[in-house]
Amino acid sequence: MAVNVKQDGQTKEVIIPVTVLPEAPKIPVAVPKSLTESVISWKLSPNATSYDVKVKGALVCQTTASSCTAPVAIGPKTPVEITANGGDNLKSVITPTYQPVNELNKIAKYIVEEGFLRLVVHGYTDSRGGVDNQALSIARAQSTADYLAKLAPGIDFVVSGFGPSKPIASNKTDAGMAANRRAELSLW
């Protein structure tokens, strides 16, 4: 960055190096592909030059891309960290959310194998403000139903949302809020 400095009545332009902290990766998601592999992805961060991905504290990937394939199955409680690296060894760390696609695939297979024809999907949110939690809970339930409908065609879905009205954990902790952001399925 160029700065004008006045010294002894003279103005000089001085170049001052500025290092900007890389932003934490945005919208990180971990999706299991199999019992031995998961894909972790995120939106690229401004000012990041590379990313380190750790699972259970072990480095599984170093990349400049916005995703990596980890040689392990990642579950909802598996500790995962994505570090955005920037200049001067500055780092920003974030933990991705878990996307239970593998579980939905198993559920769809079970529905088809057992011949169920109706499925109720309820969506829920945490109690955090700033969004329409009711609309978000319905969207969560609908996206779950839409995904299952592709794998189990011919199923009739009943979709509803309850917002933050039925928490299964405390909304006072990050872990509790994460548990409350869910979709529940019932067969009938």
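The values are calculated or read from the model by the stated rules, or taken from the named source; none is laboratory data. This structure is a prediction, so every number in the text was calculated from the model and none was measured. Virtual Cβ from ideal backbone geometry, glycine too; neighbours counted across all protein chains shown. Protein only, heavy atoms only, side chains kept; ligands, DNA and RNA dropped before computing areas. Shrake-Rupley method; radii C 1.70, N 1.55, O 1.52, S 1.80 Å.
If you rank V60, V55 by how much accessible surface each has, with a 1.4 Å probe, what is the order from largest down?
Details: V60 40, V55 10 Å².
The residues order as V60, V55, largest area first.
Just read off the accessible area of F162 with the full protein assembly in place, 1.4 Å probe, to the nearest 10 Å².
Approximately 60 Å² of F162 is accessible to the 1.4 Å probe.
Under a cut-off of 15 Å between alpha-carbon atoms, report the aspartates and glutamates in cross-link reach of K43, not counting same-chain residues fewer than 8 places apart.
E23, D52, E81
Given K33/K54; K106/K172; K77/K172, which pairs have Cα atoms separated by over 26 Å?
Details: K33/K54 17 Å; K106/K172 32 Å; K77/K172 18 Å.
Flagged as over cut-off: K106/K172.
Taking 0.36 nm per intervening residue step and subtracting the Cα-Cα distance, what contour gain separates D8 from S170 on full extension? Show your work: numbers first, answer last.
On the way: separation 162, 0.36 × 162 = 58.32 nm, distance 6.32 nm.
So the extension gain works out to 52.0 nm.
How big is the accessible area of D132 in square angstrom, nearest 10, if you roll a 1.4 angstrom probe over the protein chains?
100
How long is the gain from F116 to S160 if the chain were fully straight, where each residue apart is worth 0.36 nm and the alpha carbon distance is subtracted?
Numbers: separation 44, 0.36 × 44 = 15.84 nm, distance 1.93 nm.
The span from F116 to S160 would gain 13.9 nm if fully extended.
Taking the square root of 5 times each eigenvalue of the Cα gyration tensor, what semi-axes in Å does the equivalent ellipsoid of region 101-172 have, largest first? Let's see the in-between values first.
Numbers: eigenvalues 140, 29, 19 Å².
Over the Cα atoms of region 101-172, the semi-axes work out to 26, 12, 10 Å.
Between D146 and K77, what is the label-to-label distance in nm when each label sits 7 Å out along the Cα-to-Cβ direction?
Using points 7 Å along Cα→Cβ, the separation is 3.2 nm.
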